[in-house]
Structures are given as C-alpha cells and as structure tokens.
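Below is one structure, written out as structure tokens, with a few remarks after it.
Every number in this text was worked out from the coordinates using simple rules, so none of it is lab data. If you're wondering where the values come from, they're calculated on a predicted model, not measured in any experiment. Positions of Cβ are generated from backbone atoms using ideal geometry, with glycine treated the same way; all protein chains shown enter the neighbour counts.
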Amino acid sequence: MKKVLKLAYLCATIVFFASCNDSENLPTTSNLTIDLTGLEELGSEFVYEGWLIVDGAPVSTGTFSSVVFPQTYSVDINALNSATDFVLSIEPAVDSDPAPASTKILSGAFSGTSATLSSDNIVVSETSTINTLGESWGKYILATPTDSDDTNEESGVWFLDNSDTAGAVAGLGLPTLTDGWKYEGWVVLDGTPVSTGTFTSPEEADDNAATSPYKGTEGDGPAFPGEDYLIGSAAGVDFPTDLKGATIVISVEPSPDNSDAPFTLKPLAHVVPSEAMNHTVITMGAGPLAELTGSVTR
C-alpha cells in the first residue's frame, strides 16, 4: 500500500513539474504582419505607429518610417489575441506622450486572424453627411478681390460658387474630418505646389486669410477658402500671374503637418482651362486620391 501511495505521489509530482515547465515554455509574443499600400514617407520629424485596440484601450505595436511592405512585428500574444481593432497613427519622432496622436490614418476591425484597413473610416468623421473622400466635389472662380485692380483677375483662385444672384455660397463639398486633419488648397506653378491655405470648413475663410504674404491690400477677401497671388513670388513665378493652365488641388493634411508639400490624400484636382473666364464658376474633377488600404494579420 505504501508503495502504491509513493508511486502515486511520484507521478503527481512529475505531472506538476511537467505542467510548470510547459507553462514556462509557452510563447509570450506572436507575430503581427502589416501590409499597406499608398503610404508616403513622413520625413525625419514624424513616424507611423501601429496600435491594437484591446478592451477599448490602445496598445502600441511599434513605430516605423519605411513604407516598404509587408513588415512583421513581435507583439504581446495576449494583447494580439484579444485585440478587436488595429489603428495606424502619425506620431512625432520624438514623442513624450504614450497615447496615440489624434492624427489617425488607417483602421480596421479584426475578423478572425486579419483586419482590412481603410482611411475613410478614420479620417472622415462619423457625423459627416459626405461619407467618403471619393464623394467630394468642388467649384472655384478666378478673381482677385483683395485689390482694386481689375486687370489681374486671373491671378487669384477662390473656392466659391457665385452663380446665384442671391450671393456666393461655398464651392466645396467635402467630408467633415476627424481631429488631427485639415484640408489645404494648392496652386501648382511650374510644377511646384503653392498653398492657398488650410481650413476645416469650406464655408469659412481659411487659416491664412489675414496673414497671406501674397494677397492685396484691400482686405482679406471672401469668407471662403482661397488666395490672391498679387505680391511677391513663389516657385520662381512673380506675382501677379495668370493661373490658366495651372493645376488646382485640394488635399487632406495631417495637423500638425509633416511636410510643406501636399499629402498623399488629394480628393480634388483640376487644370484651369486656357479659355477660363474670370469670375465664372469652374467645376473641379476628382484628384489622384491615393488608395490608402491594407491589411494586418495575426
């Protein structure tokens, strides 16, 4: 009987230690593979950072600056298995805040082992009446309302519609953006984009209305985004100039911005026709809206 008890005790001891050893050998990390298209390099001051959403809280998967994919990261296995979503944000390269920045560019919900990512469901606000950047529309006129000279009207662009005698209305139909993003207008002169200003609402003047280095001296202009190129020069072009043949662009920019050039998201673009008439509404077309898409696999 004693031999039987000793044997049982010995077997239980062996099972216990084997169980402990198995627990100690269990992996604590697992691979997350990110495969994205359409991202552009951010420069030296900003990086991309991935986030798992676990019980509603963000868990970083690490930062990266290379836009060559796929990329694989080793992350905590429990967080990875429990994550409901993946989010990609733009962060300062030197960042003292452990939380994600408001500038989130891609997101997607996990279904099994993978998540399909897109930008519309994270850059465009849930409250927006225009649901995607691809649904954007735009109109503009050539005019220079910030001076009293009527001989240089083709040297300014304003995103408004003045076709109704009741008064001008906004010339842009754009989705409402989430925090961390702004729109910016551009005129491409001799291949170089020159900003018309940043804005969040197409029904209000843009952020540089009162501080533009190019406008005339007769006020800030209409209460809509736009710019007069009347004073100074840019991209080797002296002002005033003739914008016919130039390309007009509306882009979506990170805020704070990572670059002086247009960001990859450009919902609207249009070449000003050579026969364009001043003060007359011109309809924009779709821009080279980058396909910011991708997937993550756990």
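Some points to look at:
- Candidates Glu126, Glu45, Glu153, ranked by Gaussian network fluctuation over the chain, Cα under 10 Å, top entry: Glu45
- Overall form of segment 133-290 per C-alpha gyration tensor (a/c, 1.5; a/b vs b/c): rounded
- Values of log10 I(q)/I(0) for segment 29-127 across q = 0.11, 0.15, 0.18 Å⁻¹ run -0.30, -0.58, -0.85, by the Debye formula with one identical scatterer at each alpha carbon and no solvent.
- Computed from the Cβ-Cβ distance with R0 of 25 Å, the FRET efficiency linking Ser163 to Asp238 stands at 0.20.
- Student exercise, segment 133-290 dipole from Lys, Arg, Asp, Glu Cβ charges, in Debye to nearest 20: 460 debye
- Mean-square fluctuations from a GNM of the chain, with a 10 angstrom spring cutoff on Cα atoms, peak among Gly236, Gly226, Gly156 at Gly236.
- Highest-MSF residue in the chain out of Thr165, Thr283, Thr200 [GNM, Cα springs under 10 Å]: Thr165
- Taking Cβ atoms as reference points and 12 Å as the exclusive limit, the residues near Glu91 contribute a net charge of -3, counting Lys and Arg as +1 and Asp and Glu as -1.
- Legend: distances between Cα atoms for Lys104/Lys266; Lys104/Lys244; Lys104/Lys139; pairs beyond 25 Å are Lys104/Lys244; Lys104/Lys139.
- Efficiency of FRET from Cβ geometry, Thr176 and Thr113, R₀ 35 Å, rounded to 0.05: 0.55
- Label-point gap, in nm, between Asp149 and Ser102 - each point 7 angstrom along Cα→Cβ: 4.0 nm
- Grouping the Cα pair distances of the chain into 5 Å bins from zero gives a pair-distance distribution of 1, 5, 10, 13, 14, 11, 9, 8, 6, 5, 4, 3, 2, 2, 1, 1, 1, 1, 1, 1, 0, 0, 0 percent in increasing distance order.
- Charges were assigned to the Cβ only: +1 to each Lys and Arg, -1 to each Asp and Glu. The resulting dipole of the chain about its Cα centre is roughly 2320 debye.
- For segment 140-223: rounded, prolate or oblate by the Cα gyration tensor [a/c cutoff 1.5]: oblate
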